1. Hand me the list of helices (runs of 4 or more DSSP H) wholly inside region 142-225 holding 3 or more residues that are of a type outside the set (A, V, I, L, M, F, W, C), without any contact (Cβ under 8 Å) to a residue 60 or more places away in the chain and in contact with a helix residue (DSSP H, G or I) (Cβ under 9 Å, 6 or more places away or on another chain).
2. I'm trying to understand the selection: among the residues of region 250-285, which are within 15 Å of PHE116 (Cβ to Cβ) and open to solvent by 30 Å² or more (accessible area, probe 1.4 Å)?
3. Take the residues of region 183-224 that are open to solvent by 30 Å² or more (accessible area, probe 1.4 Å) and of a type in the set (S, T, N, Q): which is farthest from GLN134 (Cα to Cα)?
4. Which members of region 94-150 meet the condition of being more than 21 Å from ARG202 (Cβ to Cβ) and of a type in the set (Ser, Thr, Tyr)?
5. Condition check: in the same structural domain as SER76 (by the TED database) and part of a helix (DSSP H, G or I). Does ALA106 satisfy that?
6. Would you mind finding the one in ALA270, ALA286 that is over 16 Å from GLY74 (Cα atoms) and under 21 Å from the mean Cα position of the chain (by Cα)?
7. Quick check on LEU242: is it free of Cβ contacts under 8 Å to residues at least 40 places away in the same chain, open to solvent by 60 Å² or more (accessible area, probe 1.4 Å) and under 30 Å from GLU30 (Cβ atoms)?
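The values are calculated or read from the model by the stated rules, or taken from the named source; none is laboratory data. Only a predicted model underlies this, so the values are computations on that prediction, with no experimental measurement involved. Here the Cβ is made from the backbone with ideal geometry for all residues, glycine too, and neighbour counts use every protein chain on show. We work out accessible area using only protein heavy atoms, side chains counted, and drop any ligands, DNA or RNA first. Shrake-Rupley method; radii C 1.70, N 1.55, O 1.52, S 1.80 Å.
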Amino acid sequence: MLLLVIVLGWGAGLTLWANSRIEHVDALSEAENTPGTTYLIAGSDKRDGEAVNADGTEGARTDTIMLLHKARGGKSYLISLPRDTLVDIPGHGGYKLNAAYSFGGAPLLVETVEEFTGLTIDHYVEIGFDGVSQVVDAVGHVNLCIDQDVDDEKSGLKMTEGCHDVGGEQALAFVRARYFDPTADIGRQARQQQFVSALMDRATSPAVLLNPITQVRLAGAGSGALTTSDGTGIVDVGRMALAARSAMGSGSLSIPIEDPEYQTNNSGVAILTDDEDIKAFFESVADGTAEPEPAEG
């Protein structure tokens, strides 16, 4: 009994401490709720007003955007939304998806994704890119695989072909790298999903779960790097992690793409989608009937 009290007290105390470190933002819209639970996960790269692309937008960007949906029947899906996807941003018109954050922060990104997918966002979770590195270092390493030798100057990714245990700096380069890959944003989204799966495996391994010091490091690094919507706490983030692990175990889903190299008027080359295909795709995600490609291995 004493041991149970100590364990519960430790967990409650760690939860309260982690919650106190999370920043919150009024990100959610007043859109009508849709069935299931939907998380919008964004990796932000705040650049303090520096121009970041040829489309004229400045400041913060979301270089990683993922949608995690747990359908009412219990099935979970983790879907990368390519940052270069051409979408209609409310009040601005047609731009690449990641420009929504630059134009209006988390609230406009949420509204844009809701209009694009037809799903209402229940929880918004944003992690700064520095936080990715800190979280990996907190758990020691993650195991990542690549199918070629890479020495990418722009991202800093240096890996030889095969699977490697890497620390935070290389893990961050892994999720950001895109210029060495001829598939650009498409290849990067596959690497980002691989990273999420690898991090979930490491974070739920006995080496982390049974080590109180590592737990404190992980809770501190993770919560300190997070910005979430009002009312979204560390318990919700934990549920999100479990749903993401379930989704990755079932296989991957990718949005249907009509043209990966569509020339736009004001955003350079973007990813073009078909409205009807996207509508049908996200309807199947919403009701839990979408069938992901089987997970490898």
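1. Filter on region 142-225 gives 168-176, 185-203.
2. Those that are within 15 Å of PHE116 (Cβ to Cβ) and open to solvent by 30 Å² or more (accessible area, probe 1.4 Å): SER254, PRO256, ILE257, GLU258, LEU272, ASP274, ASP275, GLU276, ASP277, LYS279, ALA280, GLU283.
3. For region 183-224, the residue satisfying everything is THR183.
4. Selection gives TYR95, TYR101, SER102, THR112, THR117, THR120, TYR124.
5. yes
6. ALA270 is the lone residue from the list that is over 16 Å from GLY74 (Cα atoms) and under 21 Å from the mean Cα position of the chain (by Cα).
7. yes
Residue by residue, here is whether (1) farther than 19 Å from THR62 by Cα; (2) among the charged types (D, E, K, R); (3) under 13 Å from the mean Cα position of the chain (by Cα) holds:
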{"position": "PRO182", "(1), (2), (3)": "yes, no, no"}
{"position": "GLY187", "(1), (2), (3)": "no, no, no"}
{"position": "ALA190", "(1), (2), (3)": "no, no, yes"}
{"position": "SER197", "(1), (2), (3)": "yes, no, yes"}
{"position": "LEU218", "(1), (2), (3)": "yes, no, no"}
{"position": "GLY224", "(1), (2), (3)": "no, no, no"}
{"position": "ASP230", "(1), (2), (3)": "yes, yes, no"}
{"position": "GLY238", "(1), (2), (3)": "yes, no, no"}
